[in-house]
Ligand SMILES: Cc1cc2nc3c(=O)[nH]c(=O)nc-3n(C[C@H](O)[C@H](O)[C@H](O)COP(=O)(O)O)c2cc1C
Ligand SMILES: Nc1ncnc2c1ncn2[C@@H]1O[C@H](COP(=O)(O)OP(=O)(O)O)[C@@H](O)[C@H]1O
């Protein structure tokens with residue numbers, strides 16, 4: 001998959017099969033659209049193109065709203081789209097200026113003249129262009145004059161399992177990992193760099209790699225303890241993840257830390273990806289570190305039992 005940061009270096013294709021959207025999560029509803037793109041491209045010897053906007057339009061149009069959380073960073077989204085068999089990913093830098101483009105200009109300048117769109121596939125509820133004025137109906141009316149066809153993925157196909165990025169966000173915020181995994185079609189993951197903590201973990205016999213996530217927009221699931229798998233370089237390990245303020249030691253800021261099973265390496269500064277499988281329990285305040293240590297032993301047993309039964 002080729003990634004383009006803008007449209008300037010894109011060479012027009014002979015038969016582009018295109019969809020556009022933010023696709024946060026690249027969930028099973030989105031995956032229907034990508035399957036359809038692949039099918040059309042195969043039939044016409046075309047190439048699949050995803051047009052996406054980054055930063056997320058809401059971050060640009062409503063920067064004062066700090067509540068927006070996203071399921072994916074751009075890098076994660078790109079990796080998932082590659083897995084979906086997308087040939088070209090175009091990341092349009094979303095700016096206020098870009099948001100003023102009319103749907104007519106968007107169709108003519110970007111879809112037709114730059115990309116060479118012959119088939120456009122969109123979800124039933126997709127809108128685009130200034131004030132979201134462009135709709136499926138309008139596209140369908142205008143498509144013949146621009147020389148492409150448009151296909152709508154009907155509501156019952158996108159929604160047949162009731163999937164939406166909003167529902168996935170809500171499930172993660174409630175610790176309902178099973179629902180999130182089901183809708184995403186894969187486990188939710190966090191990627192970050194290992195930073196130094198207070199060196200208490202090692203003393204308790206459970207060293208924990210503290211993870212720093214470089215974007216404040218990435219959604220962090222509910223505080224609690226989770227059974228996880230951890231990818232370090234090309235190896236995957238079992239582990240248990242803690243998300244919380246560490247009430248036992250009267251901590252004040254949210255920590256994300258993971259104890260990796262059967263692992264003993266100094267990995268400060270390195271990158272880890274954590275796949276979250278199931279909530280074990282909520283965060284709790286213990287009388288002292290000894291009591292917490294006893295609980296950590298139980299958490300490890302619980303995590304191992306969950307990991308053993310993963311599909
Ligand atoms: C699986 C797991 C569960 C944890 N549960 C709690 C908890 O319920 N309450 C709490 O205050 N801290 C909890 N912690 C956080 C510990 O307090 C933390 O790992 C310890 O303070 C070490 O911090 P450090 O990495 O900065 O040295 C948990 C940590 C892990 C790995
Ligand atoms: N099994 C393990 N799980 C997590 N980290 C480990 C493990 N073994 C060694 N480490 C290393 O130890 C560090 C965590 O030790 P810890 O005493 O909790 O220190 P800190 O407070 O700096 O996180 C990790 O960042 C990592 O470099």
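Every number here is computed from the coordinates shown, using simple stated rules; none is lab data. If you're wondering where the values come from, they're calculated on a predicted model, not measured in any experiment. Cβ coordinates were reconstructed from backbone atoms using ideal geometry, including for glycine residues, and neighbour counts include every protein chain displayed.
Values for this structure:
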item: Mean separation of Cα contacts under 8 Å, 6 or more apart, over the residue count of the chain: relative contact order %; result: 16 percent
item: For peptides 84-94, 191-201, sequence by mean Cβ density within 10 Å, most packed first; result: 84-94, 191-201
item: Alpha-carbon spread of the chain, three principal axes, descending order, Å; result: 73, 40, 34
item: Principal axis dimensions, region 2-158 - Cα atoms, whole angstrom, descending; result: 44, 36, 32
item: FRET E, pair residue 198, residue 173, Förster distance 22 Å, beta-carbon r, rounded to 0.05; result: 0.20
item: Angle in degrees between helix 28-44 and the longest Cα principal axis of the chain, rounded to the nearest 10; result: 40 degrees
item: Tilt relative to the chain, helix 136-146 - C-alpha long axis, 0 to 90 degrees, to 10; result: 50 degrees
item: Choice from 206, 188, 275 with maximal GNM fluctuation in the chain (Cα, 10 Å cutoff); result: 206
item: Inter-centroid distance (Cα atoms) of region 227-256 relative to region 1-28, Å; result: 35 Å
item: Virtual spin-label span in nm between residue 266 and residue 235, 7 Å along Cα→Cβ; result: 1.7 nm
item: Rounded tilt (10° steps) of 74-83 against the dominant C-alpha axis of the chain; result: 70 degrees
item: DSSP beta bridges in region 2-158 [antiparallel fraction, %, rounded to 5]; result: 5 percent
item: For the chain, built as a Gaussian network whose Cα springs stay under 10 Å, the top-fluctuating residue of 24, 283, 266; result: 266
item: The chain: antiparallel DSSP beta bridges as a percent of all, rounded to 5; result: 60 percent
